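The values are calculated or read from the model by the stated rules, or taken from the named source; none is laboratory data. Here the structure is a predicted model, which is why all the values come from computation and not from measurement. Note: ideal-geometry Cβ built from the backbone for every residue, glycine included; neighbour counts use all protein chains shown. Side chains are part of the model used for accessible areas, which takes the heavy atoms of the whole protein and leaves out ligands, DNA and RNA. Shrake-Rupley method; radii C 1.70, N 1.55, O 1.52, S 1.80 Å.
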Amino acid sequence: MLKLIIFGPPSAGKGTQAQRLSKKYGIPQVSTGDLLREAVAKQTPLGVKIKSYLDTGKLGPDDLIVQLIKDRVSQPDASNGYLLDGFPRTIGQSTELDKMTEIDLVLNINVDLELLVERAVGRRICTKCASVYHVKFNRSKAEGVCDKCGTALIQRDDDKEATVRNRLNVYKDQTAPLIDHFKKKGNLVDIDGSKGIEDVFLQMTAAIDRLSK
Ligand code: AP5
(Lines give C-alpha, C1' and ligand atoms only; values in the text may rest on other atoms or scores of the structure.)
Protein backbone atom coordinates (compact mmCIF):
# COMPACT_ATOMS: atom_id res chain seq x y z
CA MET A 1 0.00 0.00 0.00
CA LEU A 2 1.44 3.37 -1.00
CA LYS A 3 -0.39 6.68 -0.58
CA LEU A 4 1.31 9.80 -1.84
CA ILE A 5 0.50 13.46 -2.35
CA ILE A 6 2.27 15.45 -5.02
CA PHE A 7 2.06 19.04 -3.87
CA GLY A 8 3.14 22.41 -5.26
CA PRO A 9 2.03 25.56 -7.06
CA PRO A 10 0.35 25.62 -10.48
CA SER A 11 2.62 24.27 -13.25
CA ALA A 12 5.33 23.14 -10.82
CA GLY A 13 5.38 19.77 -12.60
CA LYS A 14 2.92 17.76 -10.47
CA GLY A 15 1.09 16.14 -13.38
CA THR A 16 4.29 15.43 -15.34
CA GLN A 17 5.85 13.61 -12.39
CA ALA A 18 2.60 11.98 -11.24
CA GLN A 19 2.24 10.22 -14.60
CA ARG A 20 5.76 8.82 -14.32
CA LEU A 21 5.44 7.82 -10.66
CA SER A 22 2.11 6.16 -11.32
CA LYS A 23 3.76 3.96 -13.95
CA LYS A 24 6.79 3.13 -11.78
CA TYR A 25 4.89 2.27 -8.60
CA GLY A 26 1.72 0.81 -10.17
CA ILE A 27 -0.70 3.15 -8.40
CA PRO A 28 -3.19 5.47 -10.14
CA GLN A 29 -2.67 9.19 -10.49
CA VAL A 30 -5.72 10.89 -9.00
CA SER A 31 -5.68 14.41 -10.42
CA THR A 32 -8.56 16.65 -9.39
CA GLY A 33 -7.70 19.00 -12.27
CA ASP A 34 -7.94 16.17 -14.86
CA LEU A 35 -11.17 14.82 -13.30
CA LEU A 36 -12.73 18.29 -13.33
CA ARG A 37 -11.65 19.06 -16.91
CA GLU A 38 -13.12 15.72 -18.00
CA ALA A 39 -16.41 16.56 -16.26
CA VAL A 40 -16.49 19.96 -17.99
CA ALA A 41 -15.77 18.41 -21.41
CA LYS A 42 -18.56 15.83 -20.92
CA GLN A 43 -20.91 18.50 -19.51
CA THR A 44 -21.86 16.35 -16.54
CA PRO A 45 -23.82 18.08 -13.70
CA LEU A 46 -20.49 18.50 -11.82
CA GLY A 47 -18.85 19.87 -14.98
CA VAL A 48 -21.59 22.45 -15.48
CA LYS A 49 -21.25 23.60 -11.84
CA ILE A 50 -17.46 23.74 -11.87
CA LYS A 51 -16.69 25.30 -15.27
CA SER A 52 -16.62 28.93 -14.14
CA TYR A 53 -14.18 28.08 -11.32
CA LEU A 54 -11.76 26.45 -13.73
CA ASP A 55 -12.04 29.28 -16.26
CA THR A 56 -11.13 31.92 -13.68
CA GLY A 57 -8.60 29.86 -11.72
CA LYS A 58 -10.65 29.86 -8.51
CA LEU A 59 -10.88 26.77 -6.34
CA GLY A 60 -14.06 24.71 -6.57
CA PRO A 61 -16.22 24.17 -3.44
CA ASP A 62 -14.65 21.79 -0.90
CA ASP A 63 -17.73 19.54 -0.60
CA LEU A 64 -17.81 18.81 -4.36
CA ILE A 65 -14.08 18.19 -4.53
CA VAL A 66 -13.99 15.92 -1.47
CA GLN A 67 -16.85 13.83 -2.86
CA LEU A 68 -15.04 13.56 -6.20
CA ILE A 69 -11.94 12.23 -4.42
CA LYS A 70 -13.92 9.80 -2.24
CA ASP A 71 -15.60 8.35 -5.33
CA ARG A 72 -12.32 8.05 -7.21
CA VAL A 73 -10.22 6.41 -4.46
CA SER A 74 -12.92 3.82 -3.82
CA GLN A 75 -12.45 2.43 -7.35
CA PRO A 76 -10.79 -1.03 -7.55
CA ASP A 77 -7.60 0.28 -9.19
CA ALA A 78 -6.87 2.35 -6.06
CA SER A 79 -6.98 -0.62 -3.68
CA ASN A 80 -3.16 -0.71 -3.39
CA GLY A 81 -2.81 3.03 -2.96
CA TYR A 82 -2.82 6.17 -5.08
CA LEU A 83 -1.07 9.36 -5.90
CA LEU A 84 -3.07 12.50 -5.15
CA ASP A 85 -2.27 15.31 -7.61
CA GLY A 86 -3.89 18.68 -6.87
CA PHE A 87 -5.64 17.54 -3.67
CA PRO A 88 -5.86 18.67 -0.90
CA ARG A 89 -5.73 22.36 -1.69
CA THR A 90 -7.46 23.99 1.28
CA ILE A 91 -7.41 23.46 5.03
CA GLY A 92 -10.99 22.12 4.76
CA GLN A 93 -9.97 19.50 2.17
CA SER A 94 -6.95 18.52 4.23
CA THR A 95 -9.11 18.03 7.33
CA GLU A 96 -11.43 15.72 5.36
CA LEU A 97 -8.47 13.77 3.98
CA ASP A 98 -7.09 13.27 7.50
CA LYS A 99 -10.44 11.73 8.47
CA MET A 100 -10.30 9.39 5.45
CA THR A 101 -6.77 7.99 5.57
CA GLU A 102 -3.07 8.30 6.46
CA ILE A 103 -0.69 9.56 3.76
CA ASP A 104 2.81 8.05 3.57
CA LEU A 105 4.59 10.96 1.93
CA VAL A 106 3.96 14.48 0.61
CA LEU A 107 6.32 15.44 -2.23
CA ASN A 108 6.46 19.25 -2.10
CA ILE A 109 7.76 20.75 -5.35
CA ASN A 110 9.49 24.15 -5.03
CA VAL A 111 9.89 26.36 -8.13
CA ASP A 112 10.47 30.12 -8.54
CA LEU A 113 7.48 32.23 -9.53
CA GLU A 114 8.63 33.44 -12.96
CA LEU A 115 9.62 29.94 -14.02
CA LEU A 116 6.14 28.76 -13.05
CA VAL A 117 4.56 31.35 -15.35
CA GLU A 118 6.81 30.30 -18.24
CA ARG A 119 6.00 26.63 -17.67
CA ALA A 120 2.24 27.29 -17.60
CA VAL A 121 2.06 29.57 -20.61
CA GLY A 122 4.10 27.14 -22.75
CA ARG A 123 2.23 24.03 -21.64
CA ARG A 124 0.27 22.00 -24.20
CA ILE A 125 -1.94 19.06 -23.24
CA CYS A 126 -3.60 16.12 -24.93
CA THR A 127 -7.36 16.14 -24.32
CA LYS A 128 -7.57 12.40 -24.96
CA CYS A 129 -4.84 10.82 -22.79
CA ALA A 130 -3.94 13.86 -20.59
CA SER A 131 -0.24 13.74 -21.58
CA VAL A 132 1.56 17.01 -20.86
CA TYR A 133 4.10 18.77 -23.10
CA HIS A 134 5.86 22.14 -23.21
CA VAL A 135 6.73 24.16 -26.32
CA LYS A 136 10.30 24.66 -25.04
CA PHE A 137 11.06 22.25 -22.17
CA ASN A 138 9.23 19.10 -23.22
CA ARG A 139 8.34 19.11 -26.91
CA SER A 140 6.25 16.51 -28.65
CA LYS A 141 8.04 14.74 -31.54
CA ALA A 142 5.67 16.19 -34.16
CA GLU A 143 4.66 19.76 -33.38
CA GLY A 144 1.18 20.04 -31.89
CA VAL A 145 0.49 16.28 -31.85
CA CYS A 146 0.50 13.88 -28.87
CA ASP A 147 3.35 11.32 -29.06
CA LYS A 148 1.26 8.68 -27.32
CA CYS A 149 -2.11 8.82 -29.09
CA GLY A 150 -1.75 11.19 -32.07
CA THR A 151 -4.40 13.64 -30.83
CA ALA A 152 -3.98 17.39 -31.50
CA LEU A 153 -2.51 19.23 -28.50
CA ILE A 154 -4.22 22.28 -27.03
CA GLN A 155 -3.42 25.09 -24.62
CA ARG A 156 -5.58 25.00 -21.47
CA ASP A 157 -7.97 27.96 -21.16
CA ASP A 158 -6.56 28.71 -17.71
CA ASP A 159 -2.96 28.86 -19.01
CA LYS A 160 -3.29 32.42 -20.32
CA GLU A 161 -0.83 34.58 -18.36
CA ALA A 162 -3.40 36.66 -16.41
CA THR A 163 -5.25 33.53 -15.22
CA VAL A 164 -1.96 31.83 -14.34
CA ARG A 165 -1.00 34.76 -12.11
CA ASN A 166 -4.42 34.59 -10.49
CA ARG A 167 -3.99 30.85 -9.84
CA LEU A 168 -0.59 31.54 -8.27
CA ASN A 169 -2.22 34.04 -5.88
CA VAL A 170 -4.91 31.52 -5.01
CA TYR A 171 -2.17 28.98 -4.29
CA LYS A 172 -0.32 31.42 -2.03
CA ASP A 173 -3.44 32.36 -0.05
CA GLN A 174 -5.32 29.07 0.23
CA THR A 175 -2.99 26.16 -0.52
CA ALA A 176 0.55 27.03 0.61
CA PRO A 177 -0.58 27.19 4.29
CA LEU A 178 -1.01 23.40 4.13
CA ILE A 179 2.78 23.02 4.04
CA ASP A 180 2.96 23.80 7.77
CA HIS A 181 0.24 21.23 8.44
CA PHE A 182 2.20 18.51 6.58
CA LYS A 183 5.43 19.54 8.31
CA LYS A 184 3.76 19.08 11.70
CA LYS A 185 2.65 15.62 10.64
CA GLY A 186 6.26 14.89 9.64
CA ASN A 187 5.56 13.38 6.23
CA LEU A 188 6.70 16.19 3.91
CA VAL A 189 9.81 16.11 1.76
CA ASP A 190 10.99 19.12 -0.25
CA ILE A 191 11.80 18.62 -3.93
CA ASP A 192 13.82 21.10 -6.01
CA GLY A 193 11.45 21.52 -8.97
CA SER A 194 13.64 23.99 -10.86
CA LYS A 195 15.75 21.09 -12.12
CA GLY A 196 14.99 19.12 -15.30
CA ILE A 197 12.17 16.57 -15.49
CA GLU A 198 14.47 13.54 -15.06
CA ASP A 199 16.33 15.05 -12.11
CA VAL A 200 13.07 15.90 -10.32
CA PHE A 201 11.85 12.35 -10.91
CA LEU A 202 15.02 10.92 -9.35
CA GLN A 203 14.66 13.15 -6.27
CA MET A 204 11.11 11.84 -5.86
CA THR A 205 11.85 8.16 -6.35
CA ALA A 206 14.76 8.43 -3.88
CA ALA A 207 12.37 9.87 -1.26
CA ILE A 208 9.72 7.20 -1.93
CA ASP A 209 12.24 4.36 -1.87
CA ARG A 210 13.54 5.56 1.52
CA LEU A 211 10.06 4.78 2.93
CA SER A 212 10.59 1.05 2.58
CA LYS A 213 14.08 1.08 4.19
P1 AP5 B 1 -4.92 21.62 -11.82
O2 AP5 B 1 -5.08 20.97 -13.12
O3 AP5 B 1 -4.62 20.80 -10.62
O4 AP5 B 1 -3.88 22.77 -11.99
P5 AP5 B 1 -2.64 23.21 -11.10
O6 AP5 B 1 -2.45 22.76 -9.72
O7 AP5 B 1 -2.75 24.66 -11.27
O8 AP5 B 1 -1.50 22.45 -11.67
P9 AP5 B 1 -1.15 22.40 -13.12
O10 AP5 B 1 -1.93 21.33 -13.82
O11 AP5 B 1 -1.24 23.80 -13.67
O12 AP5 B 1 0.40 22.09 -13.11
P13 AP5 B 1 1.28 20.85 -12.72
O14 AP5 B 1 1.97 21.12 -11.43
O15 AP5 B 1 0.52 19.57 -12.87
O16 AP5 B 1 2.39 20.99 -13.86
P17 AP5 B 1 2.64 20.15 -15.21
O18 AP5 B 1 3.20 18.82 -14.87
O19 AP5 B 1 1.44 20.21 -16.09
O20 AP5 B 1 -6.23 22.48 -11.44
C21 AP5 B 1 -6.89 23.27 -12.40
C22 AP5 B 1 -8.10 23.93 -11.75
O23 AP5 B 1 -9.02 22.94 -11.26
C24 AP5 B 1 -7.80 24.82 -10.53
O25 AP5 B 1 -7.41 26.12 -10.90
C26 AP5 B 1 -9.17 24.78 -9.81
O27 AP5 B 1 -10.09 25.65 -10.43
C28 AP5 B 1 -9.62 23.35 -10.03
N29 AP5 B 1 -9.15 22.44 -8.97
C30 AP5 B 1 -8.25 21.41 -9.11
N31 AP5 B 1 -8.05 20.79 -7.94
C32 AP5 B 1 -8.85 21.42 -7.03
C33 AP5 B 1 -9.04 21.23 -5.64
N34 AP5 B 1 -8.41 20.27 -4.93
N35 AP5 B 1 -9.91 22.07 -5.01
C36 AP5 B 1 -10.58 23.04 -5.68
N37 AP5 B 1 -10.42 23.26 -7.01
C38 AP5 B 1 -9.55 22.46 -7.68
O39 AP5 B 1 3.85 21.01 -15.83
C40 AP5 B 1 3.64 22.33 -16.29
C41 AP5 B 1 4.48 22.57 -17.57
O42 AP5 B 1 5.87 22.56 -17.25
C43 AP5 B 1 4.27 21.49 -18.63
O44 AP5 B 1 4.31 22.08 -19.90
C45 AP5 B 1 5.49 20.53 -18.45
O46 AP5 B 1 5.87 19.91 -19.66
C47 AP5 B 1 6.55 21.50 -17.93
N48 AP5 B 1 7.45 20.90 -16.95
C49 AP5 B 1 7.10 20.06 -15.93
N50 AP5 B 1 8.19 19.75 -15.18
C51 AP5 B 1 9.25 20.43 -15.73
C52 AP5 B 1 10.63 20.53 -15.41
N53 AP5 B 1 11.17 19.88 -14.36
N54 AP5 B 1 11.42 21.30 -16.20
C55 AP5 B 1 10.89 21.98 -17.27
N56 AP5 B 1 9.58 21.92 -17.62
C57 AP5 B 1 8.76 21.16 -16.86
Do any of LYS24/LYS213; LYS51/LYS136; LYS3/LYS70; LYS136/LYS160 go past 21 Å between their Cα atoms, and which?
-> LYS51/LYS136
For LYS183 and VAL121, what is the calculated FRET efficiency with R₀ set at 25 Å and r taken between the beta-carbons, to the nearest 0.05?
-> 0.20
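What longest range of the chain stays clear of loop-exposed GluC sites (Glu not before Pro) (DSSP non-H/G/I/E/B, at most 14 other C-beta within 10 angstrom)?
Working: sites that count: GLU102, GLU143.
Looking at the chain, 1-101 is the longest stretch - no exposed GluC sites (Glu not before Pro) with at most 14 other Cβ atoms within 10 Å.
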Can you work out the base-10 log of I(q)/I(0) for the stretch 28-177 at q = 0.11, 0.12, 0.19, 0.20 1/Å, using the Debye formula on its C-alpha atoms alone?
-> -0.47, -0.56, -1.42, -1.51
Long-range HN-HN contacts of SER31 with modeled amide H, under 5 Å = ASP85
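Excluding ligands, DNA and RNA, what is the solvent-accessible area per residue of the chain at a probe of 1.4 Å, expressed in Å²?
Working: 10950 Å² over 213 residues.
Heavy-atom SASA per residue in the chain reads 51 Å².
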Remind me, relative contact order of the chain in percent, using alpha carbon pairs under 8 angstrom and six or more residues apart?
-> 29 percent
Carbon/sulfur fraction of accessible area - the stretch 98-183, other protein chains in place, 1.4 Å, % = 50 percent
Pop out the Kirkwood hydrodynamic radius of the stretch 1-69 from its pairwise C-alpha distances, inverse of mean 1/r, in Å to one decimal.
-> 13.2 Å
Amide H neighbours of ARG156 at under 5 Å, excluding residues fewer than 5 places away on the same chain, with H built from the backbone geometry, are ILE125
Cα Rg over Rh - the stretch 102-168, Kirkwood = 1.05
With label points set 7 Å from each Cα along the Cα-to-Cβ direction at GLN174 and LYS195, the distance between them in nm comes to 3.2 nm
From the residues LEU84, CYS146, VAL189, which one has its Cα farthest along the dipole of the chain in the positive direction, the dipole being from +1 and -1 charges on Cβ of Lys/Arg and Asp/Glu about the Cα centre?
-> CYS146
Give the dimensionless ratio obtained when the Cα radius of gyration of the stretch 169-213 is divided by 2.2 N^0.38 Å.
-> 1.38
Positive-pole candidate from LEU113, CYS129, THR32, dipole of the stretch 30-183, charges at beta carbon | CYS129
Expressed as a whole percentage, what fraction of the accessible surface of the stretch 1-95 belongs to carbon and sulfur atoms when a 1.4 Å probe is rolled over the protein heavy atoms?
-> 54 percent
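With +1 on each Lys and Arg Cβ and -1 on each Asp and Glu Cβ, and nothing else charged, work out how big the dipole of the stretch 92-139 is about its Cα centre, in Debye to the nearest 20. Intermediate results must be reported in sequence, preceding the final value.
Values: 7 positive and 7 negative charges, 115 e Å.
Magnitude of the dipole: close to 560 debye.
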Please state, rounded to one decimal and in Å, the Kirkwood hydrodynamic radius that the stretch 95-213 gives when every pair of distinct Cα atoms enters the mean of 1/r.
-> 16.5 Å
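With +1 assigned to the C-beta of every Lys and Arg and -1 to the C-beta of every Asp and Glu, and no other charges, what is the dipole magnitude of the chain about the Cα centre in debye, to the nearest 20? Walk me through the intermediate numbers first.
Values: 33 positive and 28 negative charges, 70 e Å.
For the chain, the charge dipole is close to 340 debye.
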Comparing ALA120, ALA142, ALA12 in a Gaussian network model of the chain (Cα, 10 Å), the one with the largest mean-square fluctuation is ALA142
Amide H partners (placed H, <5 Å) of VAL145, local residues excluded | LEU153
